[in-house]
Amino acid sequence: MITVTVVLAVAVVLIVSTIYLVSRKSRSKPSFPSKTSVVARRPIEAPNGAVISEAIEPISENLVLPGDIKRGIGRARLAFARLFGSILGGDKSSQQLWDEVEEALLVSDLGIDLTTSVLDGAKASMAVSDSTDGVGIAAAVKSQLRSLFVEQPRDLSYSQDSPTVWLVVGVNGVGKTTSIGKLSAMAAADDRKVILAAGDTFRAAAADQLQMWAERTAADIVRSVPGADPSSVVFDAIQKAAARGFDLVIADTAGRLHTKSNLMDELRKLRRTAERDPGHLTEVLLVLDATTGQNGLVQAREFAKAVGITGVVLTKLDGSAKGGIALAAEAELGVPIKLVGVGEKVRDLIAFSPDEFLDALLEMDVQNELSDED
Amino acid sequence: MFDNLTDRFEEIFSRIRGKGRLSEAEVDAVLREIRAALIEADVNVGVVRSFIERVRENTIGEELFRSLSPAQHVIKVVNAELTNALGGENLKISYASRPPTVVLMAGLQGVGKTTAAAKLALWFRHQGRNPLLVAADLQRPAAVEQLRILGEQASVPVFSVPGDPVNTSSAGVEEARRIGRDVVIVDTAGRTSIDQELMDEVRKISQSITPNYTFLVIDAMIGQDAVNSARVFNDALALDGIILTKLDGDARGGAALSVRQVVGKPISFVSIGEKLADFDLFYPDRMANRILGMGDVLSLIEQAERTLDKEIAEKGAKKLKGGKFDLEDFLEQMQQVKKMGPLKGVLSMLPGVPKEIRNADIDERELVKVEAIISSMTKAERNNPDMIDGSRRSRIANGAGTSTAAVGTMLKQFKDMQKMMRSMGMGGPSPTKKSPNRSNNKKKKRR
Ligand SMILES: Nc1nc2c(ncn2[C@@H]2O[C@H](COP(=O)(O)OP(=O)(O)OP(=O)(O)O)[C@@H](O)[C@H]2O)c(=O)[nH]1
Ligand SMILES: [Mg+2]
């Protein structure tokens, strides 16, 4: 068997000889356009650009009150309900209905494998109960979806002894820092004294961003200089929390792609620091962005493997994306979705409940069915 | 970014290749698998549906059953459709005749707009321009400060005033005009496409600064929602192109395909790392080539299996990898390749061959001359071309019926070739398997 490598090797010779011929024709030095669209990595020149003006936006948000947390819930329900949208209207054959359900699940980023198994399961259960209308199909699919969720508590846990430590991880830009701000507000509403640890020492202005959240939620913050060792920041935060009787340390981390092994190693180290006395690490929260596609599952796997996640925070459900990949992650890894982000405000974080999620689905279905009968 | 997709297709096709006939059921099975592969790569379900329909229309039918190799036919149709879906030219910026050229950046939250704005500014600087960055994201805490720091790193000034993002944006463009910057890049806050108020705001920004270029920044990891969001942003802002970020991860990037298909706007730039220089124009035709090439590599393999002497080919490959490829090997391989047919035809089957080379006029007789020159050398000379001095040169020229100058040129260009082979990464994994976009720099700590 001639391998691809061999063919490619021959190909190189070919390409090279062609360049040879081309260059002979043009009598100029062969210029080979780079195979990729990547420019040579140039070092960044020393800064000399003047900052013309700089603005720090005012913080006008007030402290949250207990109970405010619940207010986002209507919005989230809406987002969940959109999962099935209007699939059940009209006069459709059962094949059409199944196709539409399939498409609805795929569009929610549930993934092809899980969608197929949910549909297969639903069809198998339908064969027994023998109802082929929209309501029957929706119910069967719903019960299949329900079985994907793990039976585990979804509230965030505190240790008996203070300080409790929560570590927040995820890829770039998913909403880690914002979620920490919201978590800080939640904990404050619960009468907990909170310190935020600015473990993102890499991204420009990351600590400033966290600091603003600390101010908004009347939490303390421990931060260091850009480029500092994140472990030492978390270590300091825990020390300070223990010394001054704080209840909770929430550690922010720099966004990192799970493919970068050195950064994943750094995170492992961070976890070991967070576990050490006098801290009590009870939560490692993976933040997943609802707009994420199938890569979300890979993210969940890799972060779980590296630092053992205890729960998922699903952000940006206020947008048009449906976040099905978090469900796929829960189904595969058995790690519960604990919280849902539904906006950029301090109160836009709500507890996740599978039943509410499914109730929302069902309400929608029933409504559709009723309006069909009118 | 499409490496995974490419691998999947390769696997799917390998099952039907070599089959004399394909039943309709077999074609169906292949299409189902292609569908799954595309959906798994985050290509939008609707886009996949019409893609599969088009492929089906073009495969099932008389032509399929008339064709000598039905599998090849299917592969060809799939590839043609893919190229069609991705294809197009890369962006060529035309600068405003009355500067500054105004660039507006928009997108969902957390996609990497601010970083992309700074990277774009650095890119413009490398084009010899003098950009100004405008921080009009007054929403996210410390976004202005973030851009200020990044601007400093890129040696590009940053402008911002507190208050209203619409005012900040137009004041920024005004400032660029006043201080004579010829490009101005406006970074805006992230927004979800269904947030009416914020969509109105960005529309107002666009109206007030009338950008020459509006880019939607999209995260390569985005799933099915890509097309919805892109559509809404396009309706509001009339996009010129897409900037695709976080391509250094392992996301399959199907959004790139769907967005182009649905919104009709090309990927203009790609961002492939956290360093500011990890950013460049996107070349859709090259990407399409890579996918297209994959299918044809299979036929190339088939052809190679039929015509090539396995041992010689493998020996050549080994030498290439070891960086010990000499004139002797070159001659051997050239003779092999000649067996596969005209060079141009073979080249067209190769993945990643730049257009300039694919379309070059190739005079096959030139190859004959090269062959003659090498054949006139002794074995020792072929192994070590450095030993070829003046007298050897004229002997070789005599033998090959050409001038000593021609021999000299050939030797020099062979040296260049060797260098090129080295820089093309021979010795690493095969170029189709390893994404050149992905830098896995374990040694270099980024912080
Ligand atoms: N609409 C919406 N936006 C959100 C939500 N959560 C976070 N965001 C926004 O997403 C963007 C990124 O959020 P960050 O909190 O900075 O994300 P991060 O993961 O800390 O980012 P890095 O530290 O850069 O990796 C910001 O503009 C946030 O306001 C959410 O639930 N809904
Ligand atoms: Mg952050």
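Just so it is clear, none of the values below were taken in a lab; they were calculated from the coordinates. Because the structure is a prediction, the values reported are computed rather than measured. A quick note on method: Cβ atoms are made from the backbone with ideal geometry, for glycine too, and the neighbour counts reach across all protein chains shown.
Some observations on this one:
- What the phi angles of the stretch B:72-84 give under the Karplus curve with 6.51, -1.76 and 1.60, with θ = phi - 60°, is a coupling list of 4, 4, 4, 4, 4, 5, 4, 5, 4, 5, 4, 4, 4 Hz, glycine and proline written as x.
- Within 10 Å of each Cβ in B:168-177, the average number of Cβ atoms from other chains: 1
- Shape descriptor for the stretch A:122-221: Rg over Rh equals 1.25 (Cα atoms; Rh from the Kirkwood inverse mean 1/r).
- Cβ-placed point charges (K, R +1; D, E -1), dipole of the stretch A:200-253 about Cα centre in debye, nearest 20: 60 debye
- Listed by Cβ neighbour count within 10 Å, with the fewest neighbours leading, A:Ile238, B:Ile149, A:Ile350, A:Ile325 appear as B:Ile149, A:Ile350, A:Ile238, A:Ile325.
- Partner shielding of B:106-114 amounts to 5, given as the average count of beta-carbon atoms from other chains within 10 Å of each residue beta-carbon.
- Fewest neighbouring Cβ atoms within 10 Å first, the residues A:Ser159, A:Ser320 line up as A:Ser159, A:Ser320.
- Dimensionless Rg ratio for the stretch A:270-315, taking C-alpha atoms and the 2.2 N^0.38 Å reference: 1.29
- P(r) for the stretch A:248-299, from all Cα pairs and a bin width of 5 Å, is 4, 15, 26, 23, 17, 11, 3, 1 %, short bins first.
- Here's the picture: charge each Lys and Arg Cβ at +1 and each Asp and Glu Cβ at -1 in the stretch B:111-235, and of B:Ala136, B:Gly190, B:Val158 the one pushed furthest to the positive end of that dipole is B:Val158.
- Flagged links, alpha-carbon separation over 22 Å, of B:Lys324/B:Lys419; B:Lys315/B:Lys415; B:Lys246/B:Lys275; B:Lys379/B:Lys412; A:Lys316/B:Lys265: A:Lys316/B:Lys265
- Scattering curve values for the stretch B:74-150, log₁₀ I(q)/I(0), Debye with Cα scatterers, q = 0.16, 0.18, 0.22, 0.26 Å⁻¹: -0.75, -0.84, -1.04, -1.26
- Each Lys or Arg adds one and each Asp or Glu takes one away; over the other residues whose Cβ falls under 15 Å from the Cβ of A:Ser157, this sums to -3.
- Within the stretch A:272-313, trypsin sites (Lys or Arg not before Pro) in DSSP loop having at most 10 other beta-carbon neighbours inside 10 Å: none
- Residues B:Ser229, A:Ser117, B:Ser97, B:Ser170 in ascending order of nearby Cβ atoms (within 10 Å, fewest first): B:Ser97, A:Ser117, B:Ser170, B:Ser229.
- Inter-chain neighbour count for B:147-157: the average number of beta-carbon atoms from partner chains within 10 Å of each residue's beta-carbon is 6.
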